[in-house]
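J.: I have a structure here, written as structure tokens, and I will follow up with some questions on it.
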Amino acid sequence: MKKILFSPIGGTDPVTNFRDGAMLHILRVYKPDLVVLYLSKEMVRFHEKDNRYLYTIKKLEEKLNHSFEVCLILKEELTEVQKFDYFYLEFRTLLEELKNEKDAEILLNISSGTPAMKGALSTLSVLSEFNEKAIQVTTPEKKLNIIHEDREDYDVEFLWESNEDNQDNFENRCSEERGIYLLTELRKGIIRKHITAFDYHAAMLILKEIPAEQISERASMMIHAAYFRTNLDMREFDKLSGLFQDDVVPIKEGNKRPLFEFVAVLRLKLLTGEYADFVRAISPAISELIFMSIKNHAKLDLKDYVTKAQGGYYWKSSELNKNKELLQLLEEISGDKIKKIVTTHQLIKLLESYCKNEVVMKLAKDIRDIEINVRNIAAHTIVSIDEQFIEQRTGTSPEKIMKLILSLMQANQVDVSDGRIEIYEKMNQDIAKEL
């Protein structure tokens, strides 16, 4: 496989303090076939003055009996050598060109050049999908280089002859930097963005790419917990809910909590602009709220007369036959034959018959009217659902629809006041602290 070294040139190249600079040392250790040297204005001036870079490479060729093909990139106009963004884009373009070499291994010298050059190459090596190695070269003293040579009056021949790394037992000071911690921090940043967008599934996919020892186990479990909760898998969520603050589970009553959790997820659909899913999910919320309203305000628990199965609730004939009044009402609502599946139409009519609370009745009817106007279209028609579509069909905004649902919950003693429904924002705050 062909080896290509891409190397900025810095002030310690090619020889400093009688030892290889980073560029020359990488050549000595890795013996690449092609060497691409990137020179800023000041380095171009040194090159033109005494040919120091090409001279030492030529001498190293002779010593190793290995031929280096050298390509010089002379940036004579480049004086702003401190700008990371410039070098990131510049080096990315140059590396893309080098990657056109099929089956080539790209080596990157991340020890030569300015801090901006080194940082850009390090970042590119972490983010790249190609076969690259970032090479770090430590100083012989394992500390900051104090340059003794005069860079202007540079005796390249003497320094080459005095170079201690020319000895056969020279110390290999190269190490390959994988940048795994930088990559982890970048991935954590992506996770934070997914969490802010309430996309816990995407956050978990990125989480799988982070080594377990580089992220808090608590943070990992909290992300899983949020994912379980959005899927209404309360059994798994409850196993991990203790990781959060107490106020992320404000509703604990068994008969109220399923509705609260469902509406909390419904609210996420609104916040993330998933309007089609939002309107499709209104029907289950309305059904549960009407069941609750009839029980609370008419003292009749319709759940005693239904069974829950895939697709919704179904009337139980055996139980209906025990309540002649209810059976008669359903026959009047449904016509000659009672539909076996429970519909929101049946429920709203039953609410009208049984409930005397005018506030509850108005809220329920308003939400039911909205459902009629948008739900069937969203469920059975290929159509783009956005905020404008909902307003045109219902005369109100998605936000106001959400407020109606919360108001009907409040009227049924499901406390959603004072931001108690904002459980996912609170969980996100806890997760962010752990990340």
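The values are calculated or read from the model by the stated rules, or taken from the named source; none is laboratory data. This structure is a prediction, so every number in the text was calculated from the model and none was measured. Counting neighbours? That spans all protein chains shown, and the Cβs are built from the backbone with ideal geometry, glycine included.
J.: State all residues of the stretch 173-186 that are among the basic types (Lys, Arg) and surrounded by fewer than 17 Cβ atoms within 10 Å (Cβ to Cβ); if no residue qualifies, say none.
T.: 178, the sole residue that qualifies.
J.: Residues in the stretch 267-286: is at least one closer than 19 Å to residue 313 by Cα and of a type in the set (Phe, Trp, Tyr)?
T.: no
J.: Here are 110, 57: which of them is β-branched (Val, Ile, Thr) and touching an Asp or Glu at 6+ places or on another chain (Cβ under 7 Å)? Don't jump to the end; show me each part of the working.
T.: On the way: 57 fails: touching an Asp or Glu at 6+ places or on another chain (Cβ under 7 Å).
Residue meeting the stated conditions: 110.
J.: Take the residues of the stretch 379-403 that are at pLDDT below 90, within 13 Å of residue 278 (Cβ to Cβ) and of a type in the set (A, V, I, L, M, F, W, C): which is surrounded by the most Cβ atoms within 10 Å (Cβ to Cβ)?
T.: Of everything passing the filter in the stretch 379-403, 390 is surrounded by the most Cβ atoms within 10 Å (Cβ to Cβ).
J.: Okay, next question. Is it true that some residue in the stretch 291-314 is within 34 Å of the chain's Cα centre (by Cα), buried (at least 17 other Cβ atoms within 10 Å of the Cβ), assigned to a helix (DSSP H, G or I) and not charged (D, E, K, R)?
T.: No; the residues of the stretch 291-314 include none that is within 34 Å of the chain's Cα centre (by Cα), buried (at least 17 other Cβ atoms within 10 Å of the Cβ), assigned to a helix (DSSP H, G or I) and not charged (D, E, K, R).
J.: While we're looking at this one, here's another question. For the stretch 380-390, check the following and say yes or no: at least one residue is in a loop (DSSP other than H, G, I, E, B), touching a residue at least 40 places away in the same chain (Cβ under 8 Å), closer than 30 Å to residue 244 by Cα and of a type in the set (A, V, I, L, M).
T.: Scanning the stretch 380-390, I find no residue that is in a loop (DSSP other than H, G, I, E, B), touching a residue at least 40 places away in the same chain (Cβ under 8 Å), closer than 30 Å to residue 244 by Cα and of a type in the set (A, V, I, L, M), so the answer is no.
J.: Out of all the residues in the stretch 60-80, is one or more more than 46 Å from the chain's Cα centre (by Cα), buried (at least 18 other Cβ atoms within 10 Å of the Cβ) and closer than 26 Å to residue 158 by Cβ?
T.: Yes, some residue in the stretch 60-80 is more than 46 Å from the chain's Cα centre (by Cα), buried (at least 18 other Cβ atoms within 10 Å of the Cβ) and closer than 26 Å to residue 158 by Cβ.
J.: Something else about it: Quick check on my filter: what residues within the stretch 91-115 are on the phi > 0 side of the Ramachandran plot and at pLDDT 85 or above?
T.: 113
J.: Do you know which residues across the stretch 407-419 are in contact (Cβ under 8 Å) with a residue 60 or more places away in the chain and surrounded by fewer than 18 Cβ atoms within 10 Å (Cβ to Cβ)? Give the derivation first.
T.: First, pick out the residues of the stretch 407-419 that are in contact (Cβ under 8 Å) with a residue 60 or more places away in the chain: 408-409, 411-416.
Once the filter is applied, which keeps residues that are in contact (Cβ under 8 Å) with a residue 60 or more places away in the chain and surrounded by fewer than 18 Cβ atoms within 10 Å (Cβ to Cβ), the stretch 407-419 yields 413, 415.
Residue by residue, here is whether (1) over 20 Å from residue 128 (Cβ atoms); (2) over 12 Å from the mean Cα position of the chain (by Cα); (3) surrounded by 14 or more Cβ atoms within 10 Å (Cβ to Cβ); (4) not assigned by TED's automatic domain parsing to the domain that holds residue 228 holds:
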residue	(1), (2), (3), (4)
171	yes, yes, no, yes
195	yes, no, yes, no
200	yes, no, yes, no
206	no, no, yes, no
209	no, no, no, no
213	yes, yes, no, no
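J.: With the requirement that a residue be basic (Lys, Arg) and modelled with pLDDT under 90, what does the stretch 292-348 give you?
T.: Within the stretch 292-348, 299, 308, 337, 339, 340 meet the criteria.
J.: Let me ask something else. Among what's in the stretch 11-50 and is surrounded by fewer than 24 Cβ atoms within 10 Å (Cβ to Cβ) and among the small types (Gly, Ala, Ser), pick the residue that is nearest to residue 95 (Cα to Cα).
T.: If we take residues in the stretch 11-50 being surrounded by fewer than 24 Cβ atoms within 10 Å (Cβ to Cβ) and among the small types (Gly, Ala, Ser), then 40 is nearest to residue 95 (Cα to Cα).
J.: Does residue 342 meet the test of being in contact with a Gly (Cβ under 7 Å, 6 or more places away or on another chain) and free of Cβ contacts under 8 Å to residues at least 60 places away in the same chain?
T.: For residue 342, the condition - in contact with a Gly (Cβ under 7 Å, 6 or more places away or on another chain) and free of Cβ contacts under 8 Å to residues at least 60 places away in the same chain - is met.
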